[in-house]
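A short write-up of the structure that comes next.
The values are calculated or read from the model by the stated rules, or taken from the named source; none is laboratory data. As the structure is a computational prediction, the values presented were derived from the model and not from experiment. So basically every Cβ, Gly included, is an ideal-geometry build from the backbone, and we count neighbours across all protein chains shown. Keep in mind that these areas ignore ligands, DNA and RNA; they rest on the heavy atoms of the full protein, side chains included. Shrake-Rupley method; radii C 1.70, N 1.55, O 1.52, S 1.80 Å.
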Amino acid sequence: MYSSYHENSFSIKETRGTCNACKQCSPLGACVVFLGIENTLPMLHGSQGCATYIRRYLISHFREPVDIASSNFSEETTIFGGEKNFNTSLDNIIIQYHPKIIAVASTCLSETIGEDIKRFIYEYKNLHKKNKKLPEIIFTSTPSYKGTHYSGFHEAVYSVVESLANEGGNCDNHINLFSNFISPEDIRHLKEIVADFGIRAMIFPDYSDTLDGALWDTYQRIPPGGTSINDLKNSALASSSIELGYVLNLDVNSSRLKTNFLSQSAGEYLKTKFGINLYRIGLPVGIRETDIFFQLLSSISLAKSVPEKYEKQRGRLIDLYIDGHKYVFGKRVIIYGEEDLVVSLASFVVEVGMKPLLCVTGGESGKFKNILQCVLSNSFSNEIIIKQGATFEQMENIIINSEIQPDLMIGNSKGYYIARKLKIPLIRVGFPIHDRIGAYHNKLLCYEGTISLFEQIVNALLEKKQHNSSMGYKYM
Ligand code: SF4
């Protein structure tokens, strides 16, 4: 059985402030979405430091140049407001970058002093209404003290669709695939899958080239690639939308409703406003969740059967599960990261006979436990420790106090120091991964992604066993 730990039965050392949060800042998530749109420059309304921190984080993970403009708050702007800086920033971006879209996200500071950014945009557009080359200006509200990089990501997906989706025209039989915060490699994989089903899809956001491009001969200020603006405009003409993930930006916390967040996903917006069918399923990791995704694609593609290529991949995955089962069965796992990622990984972990002892997220949607319960179904146990809105410090205290003795951690590189202390392997998935290269090439989704994940897990466990063996061995 799982550990009998219950949160209330131990005194967990709580810090007064948040220390080493299991999340990143909201506008960071928004910037990833903006970088997945054709010819778009992200801009933060706030201090230079916010843009620098976000650029630093994204560059370390994706290993690509990332430009993020800033309205560059100073002491004076903080007191008297930043409209003048905002307008100057837009002027400079238009002159230097010639973007088709300037996508603005707010920051803690601009939200705290109550900047009315929608009004700034309205007045700027009004002032320049005779300029036919004025780019689209999109705004997403991302006060980081209210959310995470994950909620910021989905707020941006929502705002972009709300701003660009155009009424008019006939349904053109494509689908909208809102693919969630996944790696560039997984975006490419999803594109290949939907194309193999004969489905035309708008995948959004698509940073598979902009954040994982080839070498350039000459520097390009805005990298080529991204979801086309035309496709985003036509998202209102789709036959249906698929959202991968159950939590997205759908927060049940009433406190969130007090902000100008709209607790509605992009798919829900298109359904409510334009009557477009919405299918929401989990991130397809493992056989069960991938089967659901493939069945959905089959039905959307007018009963086209699953291509043989994927039947074979599924078969190879089952064969691999059989090969590796004896090494993973009963292993005790800690999973942490974005809510939807943790849910999908927990589903995979129980599918292969491992035990998710501790599921941790920095998100505070209020839906984490219920969704885990639903997805794990009969495999759910009340003895799984579930913590939302958590810090790494709290996570470490839980592990120490509960004596759960994990065999493995799965999550981003920020948990490495805990894995090091515990002397257990860390399988790096999600965001950020700062201590390895190639995070952008991690394939996690569908049968092929699961093959890669399962092999990493088995090999990490084998390596530890081999390393700890007094005599060592070269054959098994
Ligand atoms: S101040 Fe807020 S918006 Fe800026 S980097 Fe920090 S958390 Fe992000």
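The residue that is nearest to the ligand (Cβ to nearest atom), counting only those in the range 38-50 that are assigned to a strand (DSSP E or B), over 19 Å from the mean Cα position of the chain (by Cα) and within 16 Å of TYR207 (Cα to Cα), is LEU41.
Applying the condition of being aliphatic (A, V, I, L, M) and within 19 Å of GLY226 (Cα to Cα) to the range 118-164 and asking which residue is farthest from the ligand (Cβ to nearest atom) yields LEU164.
When you check GLY267 against the structure, is it in a helix (DSSP H, G or I), within 21 Å of ILE203 (Cβ to Cβ) and modelled with pLDDT of 95 or more, yes or no? Answer is yes for this residue.
Condition check ((1) under 26 Å from the mean Cα position of the chain (by Cα); (2) farther than 28 Å from SER179 by Cβ; (3) of a type in the set (S, T, N, Q); (4) not assigned by TED's automatic domain parsing to the domain that holds LEU211) across all residues:
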{"position": "GLN373", "(1), (2), (3), (4)": "yes, no, yes, yes"}
{"position": "LYS387", "(1), (2), (3), (4)": "yes, no, no, yes"}
{"position": "LYS423", "(1), (2), (3), (4)": "no, yes, no, yes"}
{"position": "LEU426", "(1), (2), (3), (4)": "yes, no, no, yes"}
{"position": "GLY449", "(1), (2), (3), (4)": "yes, no, no, yes"}
{"position": "SER452", "(1), (2), (3), (4)": "yes, no, yes, yes"}
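For the range 121-161, the set of residues classified as of a type in the set (Asp, Glu) and surrounded by fewer than 21 Cβ atoms within 10 Å (Cβ to Cβ) consists of GLU123, GLU136, listed by residue number.
Checking each residue in the range 335-350 for being open to solvent by 10 Å² or more (accessible area, probe 1.4 Å) and touching an Asp or Glu at 6+ places or on another chain (Cβ under 7 Å) picks out no residue at all.
Contact map, the range 99-114: residues that are among the aliphatic types (A, V, I, L, M) paired with residues that are near the ligand (Cβ under 8 Å from one of its atoms), Cβ distance under 7 Å, separation 6+ or inter-chain. Pairs shown: ALA105/PRO27; ALA105/LEU44; ALA105/THR142; LEU109/GLY46; LEU109/SER47.
Within the set SER301, SER305, the sole residue that is out of contact with any strand residue (DSSP E or B) (no Cβ under 6 Å at 6 or more places or on another chain), over 20 Å from SER452 (Cα atoms), open to solvent by less than 70 Å² (accessible area, probe 1.4 Å) and at pLDDT below 95 turns out to be SER301. Restricting attention to the range 269-292, the residues that are open to solvent by less than 50 Å² (accessible area, probe 1.4 Å) and among the charged types (D, E, K, R) total 2. Among the residues of the range 426-467, those that are without any contact (Cβ under 8 Å) to a residue 12 or more places away in the chain and under 21 Å from HIS325 (Cβ atoms) comprise SER452, ASN459, LYS465, GLN466. For CYS108, are the conditions met, namely being within 15 Å of the ligand (Cβ to nearest atom), within 22 Å of the chain's Cα centre (by Cα) and either farther than 30 Å from ARG428 by Cβ or open to solvent by less than 10 Å² (accessible area, probe 1.4 Å) (or both)? Spelling it out, it is not the case that CYS108 is within 15 Å of the ligand (Cβ to nearest atom), within 22 Å of the chain's Cα centre (by Cα) and either farther than 30 Å from ARG428 by Cβ or open to solvent by less than 10 Å² (accessible area, probe 1.4 Å) (or both).
Please determine, by comparing only the residues of the range 58-105 that are hydroxyl-bearing (Ser, Thr, Tyr) and surrounded by fewer than 20 Cβ atoms within 10 Å (Cβ to Cβ), which one is nearest to the chain's Cα centre (by Cα). This residue is SER60. On inspection, TYR53 qualifies as open to solvent by 50 Å² or more (accessible area, probe 1.4 Å) and within 15 Å of the ligand (Cβ to nearest atom). Within the range 25-34, is even one residue surrounded by fewer than 23 Cβ atoms within 10 Å (Cβ to Cβ), modelled with pLDDT of 95 or more and more than 8 Å from the ligand (Cβ to nearest atom)? No: zero hits.
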